[in-house]
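Chemist: My questions all concern the structure below.
The values are calculated or read from the model by the stated rules, or taken from the named source; none is laboratory data. Bear in mind the structure is a predicted one, so any value in this text is a computation, not a measurement. Glycine gets a Cβ as well: all are built from the backbone with ideal geometry, and neighbour counts include every protein chain shown. To get the accessible areas, we keep the full protein, side chains included, count just its heavy atoms, and leave off ligands, DNA and RNA. Shrake-Rupley method; radii C 1.70, N 1.55, O 1.52, S 1.80 Å.
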Amino acid sequence: MDTKKQSLMNYYYEKFINNTFDEKDVSAFLLLIRYPSKEIRCINELADFVAHRDQHNGYIKDYLFETRKKFESIGKTKSAIRIEDVFSFKELKNGINKALADYQLAGLANEKINDFVTCLISILQQVKITDENEREIGKLFFALSNKQIILMAEIEVSQNLFKKTNAVFPVLTANNSYMDIKKQDRYDTPYLFADKVIEVSNQEGKLEIIIPD
C-alpha cells in the first residue's frame, strides 16, 4: 500500500470518527477501497454498484431479479415468500470493519455504521433497474418511515402473459434516528420519494436528511 492511499484512508477515517462525514465522503471512501476489498463481497459489490449505477451487473442486480421472481411466483406455489436486505446490517458492519482493519484502523461502532448505511441509501436512490434488453423495468428510491431509512426497489412483475404490476420491496435498511416523522398508519408504512432527490448532509457533527420542497 502506498503512503498516499494510506493518507486518503486516514482522512476519511478521521471524518467517520469525528462524525463529520456525509454521503459524498461515503461515495469516495467506497471507491477508494473498491479493489483492495475484493474478498469482502458486500463492500466490493456495493462499491461496484456505486461506481456503475445503472450499468451495474453483479450480485445486487442478481438479487433484484431473484426477488422479482419471488413475486412472480405468488399464486403459483404454496411457499411463503421472504424478503431480506441484500446485505444485513451485521454483514455490512463486518465488511466495513474488515476493510478498515486491512489499513490498521479500528472498527466503527453500530451508530456510525448506521450513519454509513444511511448515506449509502441516499447515494443509490434513483438508480434505474434494466432488463437484459436494457429496458427500464424499475428504479431504486429513498424511503422513510418513523423507524427506518430504506432503499426501496420498485420493479415490474409479470403476473401472467397479459398482466403486469409493480412490486415494491426493501433492499437496504437503517434505523431512523435523524428525523421525527409521523407514522402514515399503524404499520408505519414508509413514505416513498419517487419524484424528489433526498440529500444526507452533515450539520455540526450530525447527519441531516434534507427533503426538497
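Chemist: Determine one quarter of the surface area of the Cα convex hull of the chain, which equals its mean projected area, and express it in nm² to one decimal.
Modeler: Convex hull of Cα atoms, orientation-averaged projection: 13.7 nm².
Chemist: Using alpha carbons only, how many degrees (0 to 90, rounded to 10) separate the axis of helix 89-101 from the longest principal axis of the chain?
Modeler: Helix 89-101 sits at roughly 30 degrees to that axis.
Chemist: Please name which of 64, 77, 50 has its Cα lying farthest along the dipole of region 48-150 towards the positive end, using unit charges on Cβ (Lys, Arg +1; Asp, Glu -1) and the Cα centre as origin.
Modeler: Farthest along the dipole direction, towards plus: 77.
Chemist: Among the chymotrypsin sites (Phe, Trp or Tyr not before Pro) in region 145-213, which ones are in a DSSP loop with at most 15 other Cβ atoms within 10 Å of the Cβ? Mind listing them?
Modeler: Answer in residue order: 162, 187.
Chemist: Average projected area of the Cα convex hull of region 104-213, in nm²?
Modeler: Hull-based average projected area comes out at 10.3 nm².
Chemist: With +1 on each Lys and Arg Cβ and -1 on each Asp and Glu Cβ, and nothing else charged, work out how big the dipole of region 1-85 is about its Cα centre, in Debye to the nearest 20.
Modeler: 360
Chemist: Report the residue, chosen from 28, 80, 101, that carries the largest GNM mean-square fluctuation when the chain is represented by alpha-carbon nodes joined by springs under 10 Å.
Modeler: 80
Chemist: Sticking with this one: On a 19 Å Cα-Cα criterion, which of the cross-link pairs 128/196; 15/93; 69/139; 139/164; 5/93; 128/183 come out too long?
Modeler: The answer is 5/93; 128/183.
Chemist: Shifting gears a bit: Let me know the charge dipole size of the chain about its Cα centre in debye, to the nearest 20, where only the beta-carbon of Lys, Arg (+1) and Asp, Glu (-1) is charged.
Modeler: Charge dipole of the chain: 640 debye, to the nearest 20.
Chemist: Separate question: Counting only GluC sites (Glu not before Pro) that sit in a DSSP loop (anything but H, G, I, E, B) with at most 15 other Cβ atoms within 10 Å, what is the longest stretch of the chain containing none of them?
Modeler: Between exposed loop sites, the widest span is 135-203.
Chemist: Modelling each spin label as a point 7 Å along the Cα-to-Cβ direction, I'd like the residue 14/residue 165 distance in nm, to one decimal.
Modeler: My value for the distance between the label points is 5.4 nm.
Chemist: At 1.4 Å probe radius, can you tell me the per residue accessible area of the chain in Å²?
Modeler: Value returned for the chain: 54 Å² of accessible area per residue.
Chemist: If you don't mind, another one. Given the options 43, 17, 113, state which has the largest fluctuation in a GNM of the chain using a 10 Å cut-off (strictly under) for Cα springs.
Modeler: 17
Chemist: Would you kindly derive the ³J(HN,Hα) couplings of region 22-27 from the backbone phi angles with the Karplus curve 6.51 cos²θ - 1.76 cosθ + 1.60 (θ = phi - 60°), listing them in order in whole Hz, with x for Gly and Pro?
Modeler: After applying 6.51 cos²θ - 1.76 cosθ + 1.60, I find 9, 4, 5, 5, 5, 4 Hz.
Chemist: Translational diffusion coefficient, Stokes-Einstein: compute it for region 25-108 using the Kirkwood radius over C-alpha pairs as Rh, at 4 °C and 1.567 mPa s, and state it as an integer in µm² s⁻¹.
Modeler: Rounded, D is 90 µm²/s.
Chemist: Provide the gained length on full extension for the span residue 104 to residue 206, in nm with one decimal, where the gain is 0.36 nm per separating residue minus the Cα-Cα distance.
Modeler: 34.1 nm
Chemist: To continue, here is another question. Note the angle between two axes, namely the Cα long axis of helix 41-52 and the longest principal axis of the Cα atoms of the chain, as a number of degrees from 0 to 90, rounded to the nearest 10.
Modeler: Computed tilt is about 80 degrees.
Chemist: State which stretch of the chain is the longest one without any exposed trypsin sites (Lys or Arg not before Pro), exposure meaning a DSSP loop state and at most 10 other Cβ atoms within 10 Å.
Modeler: 1-75
Chemist: For region 2-19, just list the computed ³J(HN,Hα) in residue order, Karplus coefficients 6.51, -1.76 and 1.60, θ = phi - 60°, integers in Hz, with x standing in for Gly and Pro.
Modeler: 7, 5, 5, 5, 4, 5, 5, 4, 4, 4, 5, 4, 4, 5, 5, 5, 8, 6
Chemist: I would also like to ask the following. So how many Å³ per residue does the convex hull of the Cα atoms of region 163-213 work out to?
Modeler: Roughly 138 Å³ of hull volume per residue.
Chemist: Could you derive backbone 3J(HN,Hα) for region 142-154 from the dihedral phi with the Karplus parameters 6.51, -1.76 and 1.60 (θ = phi - 60°), listing whole Hz in sequence and x where the residue is Gly or Pro?
Modeler: Couplings: 7, 10, 9, 10, 4, 10, 9, 9, 9, 8, 9, 9, 10 Hz.
Chemist: Before anything else, pin down the relative contact order of the chain: Cα pairs under 8 Å, at least 6 apart, normalised by residue count, whole percent.
Modeler: Reported relative contact order: 20 percent.
Chemist: Hey, another quick one. Which residue fluctuates most in the GNM of the chain (Cα springs below 10 Å): 105, 172, 31?
Modeler: Largest GNM mean-square fluctuation: 105.
Chemist: Using a 1.4 angstrom probe on the protein heavy atoms only, could you order 173, 67 from most to least accessible area?
Modeler: 173, 67
Chemist: Per the 1.4 Å probe, what fraction of the accessible area of the chain, in percent, lies on carbon and sulfur atoms?
Modeler: With neighbouring chains kept in place, the figure for the chain is 49 percent.
Chemist: Just check region 93-154 against the gyration tensor rule for me: Cα atoms, a ≥ b ≥ c as the square roots of the eigenvalues, rounded for a/c under 1.5, and otherwise prolate or oblate depending on whether a/b exceeds b/c.
Modeler: Because a/c hits 1.5 or more and a/b fails to exceed b/c, region 93-154 counts as oblate.
Chemist: If the cut-off is a Cα-Cα distance under 12 Å, which aspartates and glutamates reach residue 147, setting aside same-chain residues fewer than 8 apart in sequence?
Modeler: Answer for residue 147, where 12 Å is the Cα cut-off: 180, 188, listed by chain and number.
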